[in-house]
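Just below is one structure, and these are the notes that go with it.
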Amino acid sequence: MISVIDARDSVLNRVQLLGTERVDIFSALDRVLAEEVFATRNQPPWDNSAMDGYAVRAEDTASASGASPVVLEIIEHLAAGYRAGKSVGRGQAIHIMTGAPVPDGADTIIRSEDTEQVDDSHIRVRTSVPEGKDLRRAGEDLTVGDRMLPAGKRIRPAEIGLLASTNRTHVSVYRRPRVAILSTGDEIVDVDEDISDGKIVDSNSYSLTALVLEAGAIPIRLGISRDTREELERNLRAGLAGDVIITSGGVSVGEFDFVKAALDALGTSMEFWKVAMTPGRPFAFGTIQDTLAFGLPGNPVATMVTFELFVRPALLKMSGASRLYRPTVRALLLSDLHKSSGRKQFLRMQLFERDGQLYATQTGAQGSGILKSMSLADGLAITHEDQTSIRGGEEIEVMLLGGEWNLAGARCC
């Protein structure tokens, strides 16, 4: 039985970066950039005003004070998007809006609120303004030839804006992995089927589809395969159209587990079948031809936990991401935890904040079939193989899960 760390490393060592594709910048959102992007022009392209006010010469305001104001002549009104028709000379000012190019002759901006209107063509200035005040210089954001975005950068809304600012409408990004998802078992039925004695609804393929989408990959739903070698083999062959195949169920030791036999028939190379963890001990990984294959346990919690620990990092690496793992936080336990020695255990935890301290408490019963425990969880407490108990009040590491993290009393700003 392989350790969690060794299993993760074994998976990631087999992962290959996918190819690239060129997409429009909106389709590139949350994708990983596959090229370096360089600025093709200065940004901003010219000196412009950072405030509504008056473009003036700083030396004309040098002697201004409340007791001895300076009066300047308004020679023009300049809106954003236009250039001044006149130059600012001694004793003159041009009324300017935010974003408008700074007129020739002016070297500073005096804000509207720091002036008084004398009449339609004159203002009174009661404070001196240093040179360069409230000016945005040409190229202060980007200059021609700057590396604007490096390859490997995940594209967020800010990057979309940067690309648009330099007239980029398309970029090269790494391809999204295609993930075939197959549930197995005679006991499961789809959500719109009647439930008879001994049957359960297939929640796993829906959870997995959502997890695949959240990881930025493309799900290919293969449906449910019955427990025959022929049907499993047929469905697994269909899954070879993807970059990854995920099955749920059929990887534990049992009389009706046919996944291993079907995999063998396809010429599969398996790396391991069990991992020293709870939940998720019956977890298999290998390749079917050139396609990565993950055999996840059938219990809903074990399915989701093993996806988080092994499949999600693999999908992120395939799509060019450099950050492969969920963030973790340290929190104080509210009550004692107990576990068996020899395995890592991942316990579903709720997090909350009290007086600036982060606390963690279990979501309730921790059975691997209790899917509600994942719905309630903000994260997974990570315990070590040699631990058998952790006392309340001790600190524990918690891997955050996706979705909203509700911390009572948390504040942004």
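Quick look at the numbers
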quantity	calculated
All strands (runs of 3 or more DSSP E) inside segment 290-369 with 2 or more residues being within 27 Å of residue 154 (Cβ to Cβ) and open to solvent by 40 Å² or more (accessible area, probe 1.4 Å)	328-333
So residue 68, is it surrounded by fewer than 18 Cβ atoms within 10 Å (Cβ to Cβ), within 30 Å of residue 97 (Cβ to Cβ) and out of contact with any strand residue (DSSP E or B) (no Cβ under 7 Å at 6 or more places or on another chain)	yes
Tally, over segment 136-161, of residues that are under 23 Å from the mean Cα position of the chain (by Cα), surrounded by fewer than 17 Cβ atoms within 10 Å (Cβ to Cβ) and hydrophobic (A, V, I, L, M, F, W, C)	3
Inter-residue pairs, beta-carbon under 7 Å, first without any contact (Cβ under 8 Å) to a residue 60 or more places away in the chain and in segment 299-314, second not hydrophobic (A, V, I, L, M, F, W, C), 6+ apart	306/280; 306/297
Cβ-Cβ under 6 Å pairs, at least 6 apart or on other chains, segment 265-284 side buried (at least 20 other Cβ atoms within 10 Å of the Cβ), far side part of a loop (DSSP other than H, G, I, E, B) and aromatic (Phe, Trp, Tyr)	275/283; 284/273
Residue identified as farther than 30 Å from residue 53 by Cβ and open to solvent by 40 Å² or more (accessible area, probe 1.4 Å) among 171, 201	201
Condition check for residue 164: farther than 30 Å from residue 303 by Cβ, loosely packed, with under 13 Cβ neighbours inside 10 Å, among the hydrophobic types (A, V, I, L, M, F, W, C) and touching a residue at least 12 places away in the same chain (Cβ under 8 Å)	yes
Any hit, segment 251-272, residues being modelled with pLDDT of 90 or more, of a type in the set (A, V, I, L, M, F, W, C) and not in a loop (DSSP other than H, G, I, E, B)	yes
Residue within segment 200-212 that is touching an Asp or Glu at 6+ places or on another chain (Cβ under 8 Å), closer than 28 Å to residue 383 by Cα and assigned to a loop (DSSP other than H, G, I, E, B) present	no
Filter result for the condition that a residue is in contact with an Asp or Glu (Cβ under 9 Å, 6 or more places away or on another chain), at pLDDT below 90 and either open to solvent by 40 Å² or more (accessible area, probe 1.4 Å) or not in a loop (DSSP other than H, G, I, E, B) (or both), over 385, 404	404
Count of segment 174-186 residues which are open to solvent by 60 Å² or more (accessible area, probe 1.4 Å) and either out of contact with any strand residue (DSSP E or B) (no Cβ under 6 Å at 6 or more places or on another chain) or part of a strand (DSSP E or B) (or both)	2
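The values are calculated or read from the model by the stated rules, or taken from the named source; none is laboratory data. Just so it is clear, the model here is predicted, and its values are computed rather than measured. We place every Cβ from the backbone using ideal geometry, glycine too, and count neighbours over all the protein chains shown. Note: accessible area is taken over every heavy atom of the protein model, side chains too, but ligands, DNA and RNA are not part of it. Shrake-Rupley method; radii C 1.70, N 1.55, O 1.52, S 1.80 Å.
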